Amino acid sequence: MSADNFTRSRRLRRTSNIRKMVSETKVTAEDLIYPIFVTQGKGIKKEIPNMPGQFHYSVDQLGEAIEEVVSLGIPAVMVFGIPKTKDFNGSGADDADGIVQQGVREIKKKFPDLTVITDVCMCQYTTDGHCGLVVDGEVVNDPSLERLGSIAFSHAEAGADMVAPSDMMDGRVLRIRRELDQADYQNVAIMSYSVKYASSFYAPFRGAVNSAPSFGDRKTYQMDPRNRLEAKRQAAIDLDEGADILMVKPALAYLDIIREVKGDAPLAAYHVSGEYAMFKLAAKNGLIDETEGMVEILTSIKRAGADLILTYFAKDMAKHLHY
Ligand code: PBG
């Protein structure tokens, strides 16, 4: 190419309208899933200290919170429960009148069209804070499956549209699928936290739901951040076991993994509490523009290959899209 005939890329960057016309990635409200925390009690709407802008809601306060989500065109919420008590078996997790079950019933009663997804795990409910059952200081796989199946069933019974196992036990997707099918919940979908890394970025969430493990860590069941190929294997296993939607978690530090895992199946990515909190703090201190940064982060996650994004920014992002 001669020097007087170089390529002018800037022609298509000249105006905001032209940039919009040629933009390759658009985040829409339909891509977003809003995580919400339900707690015991009445009249509670309490901000989570390490997750600015996020709240614990008691069941009676959910209506108002979700009203906003629905009015912004966000199609789904992910429900997390904070139980009053914990025990060895995590028996609050599959209690028909447990906190998630109450929350789901309330949400479905008020907003039958909203897609309600539930996090299926034991760590908020067990005294040791692990995601499976602990025997002799070890998180045991197969006995945990029975508990997880039972938790998923109780969420389906409460009206969940999708269940999302986040425990990382082997075989849980298959077990949950069987349990749901046997109970005639063939239409309840499984969004599997298939590729979930043992990440430091979950810390604010663990503070919010009081689920940090009382001993050890989660490295014997969650994935090693050094691995990329394992993510592909893990996703293939979950699809084979019957997962309908796959998930990569965290998102921003794992964009390469999102790209790697994106195939024919719908893929979600979870922009987790620590990723959210560190950005919020930077924005609060005036280091980064909050709206511009948020849009850039979520667009990057979509560009990497995620079809759906679980994010504490869902409402802020949807508001931004509405303007
Ligand atoms: C439960 C669960 C966790 C998150 C989602 N489900 C915590 C963990 O695995 O320790 C993290 C969500 C976030 O950090 O925003 N197992």
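Every read-out reported here was derived from the displayed coordinates using simple, explicitly stated rules and does not represent laboratory data. In this text, all values refer to a predicted model and were calculated from it rather than measured experimentally. Note that each Cβ is placed from the backbone with ideal geometry, even for glycine, and that neighbours are counted across all protein chains shown.
In this Cβ point-charge picture (+1 for Lys and Arg, -1 for Asp and Glu), the range 206-290 has a dipole of about 340 debye about its Cα centre.
Which value, in debye to the nearest 20, gives the size of the charge dipole of the range 66-149 about its Cα centre, when Lys and Arg are +1 and Asp and Glu are -1 at the Cβ?
On the way: 7 positive and 14 negative charges, 75 e Å.
It works out to roughly 360 debye.
Using only alpha carbon pairs under 8 Å that are at least six residues apart, calculate the relative contact order of the chain and give it in whole percent.
Over the chain, the number comes to 18 percent.
Note on the chain: GNM, Cα springs under 10 Å; of GLU67, GLU24, GLU106, the largest mean-square fluctuation is that of GLU24. Here the Karplus relation 6.51 cos²θ - 1.76 cosθ + 1.60, evaluated at θ = phi - 60°, turns the backbone of the range 14-19 into coupling constants of 5, 10, 4, 5, 5, 4 Hz, with x for every Gly and Pro. Comparing ILE18, ILE309, ILE44 in a Gaussian network model of the chain, where Cα atoms under 10 Å apart are tied by springs, the biggest mean-square fluctuation is seen for ILE18.
With the charge dipole of the chain set up from +1 on Lys and Arg Cβ and -1 on Asp and Glu Cβ about the Cα centre, the Cα lying farthest toward the positive end among the listed residues LEU252, TYR125, ILE33 is that of LEU252.
Which distance in Å, rounded to a whole number, links the C-alpha centroids of the range 168-230 and the range 1-44? Spelled out, the Cα-based centre of one part sits 30 Å from the other.
Which residue, VAL135, VAL27, VAL248, tops the fluctuation ranking in a GNM of the chain built on C-alpha contacts under 10 Å? It is VAL135.
Among the listed pairs LYS20/LYS108; LYS42/LYS319; LYS109/LYS219; LYS86/LYS196; LYS20/LYS232; LYS84/LYS110, a Cα-Cα separation exceeding 31 Å is found for LYS20/LYS108; LYS109/LYS219; LYS20/LYS232. Compactness ratio for the range 1-66: Cα radius of gyration over 2.2 N^0.38 Å (N = residue count) comes to 2.17. For TYR197, the residues whose modelled amide H falls within less than 5 Å of its own, excluding neighbours fewer than 5 places apart on the same chain, are MET223, LYS249.
For the chain, the dipole from Cβ point charges (+1 on Lys and Arg, -1 on Asp and Glu) about the Cα centre works out to 1480 debye, to the nearest 20.
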